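Below is one structure; the comments refer to it alone.
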Amino acid sequence: MSQRIMIDPMVCNGRPVVRGTRITAQTIVEFLAAGDSIEDVLEEYPVLTREDVLACLTYSSQVMGHRFAVDRMA
């Protein structure tokens, strides 16, 4: 997992977040899926960097690559 994405049961109920924040990777990916640009996300969340946003995308891609995770959600 990326050094920028962390999972801690005490933070956001264990959902993956950008390290040092309570911003979930899911939130960032949902913004992008809705058509917002990386620049839009950075404007909405100025604490994030471009690398943080890209780490969220990478993390999502890795999760989707694991069949067990997709099967459990479907």
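What the table below lists for this structure:
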read-out	value
Cα pair distances exceeding 16 angstrom across the chain, given as percent	48 percent
For the range 12-53, projected area of the alpha-carbon convex hull averaged over all directions, nm²	2.7 nm²
Estimated inter-spin distance, THR21 and VAL63, nm [label 7 Å along Cα→Cβ]	1.5 nm
Within the chain: Cβ-based charge dipole about Cα centre, in debye rounded to nearest 20 (Lys, Arg +1; Asp, Glu -1)	440 debye
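Only the coordinates and a few stated rules stand behind these numbers; no lab work does. Values in this document were obtained by computation on a predicted structure and should not be read as measured data. Because the Cβ atoms are built from the backbone with ideal geometry, glycine has one as well, and the counts that use them run over all protein chains shown.
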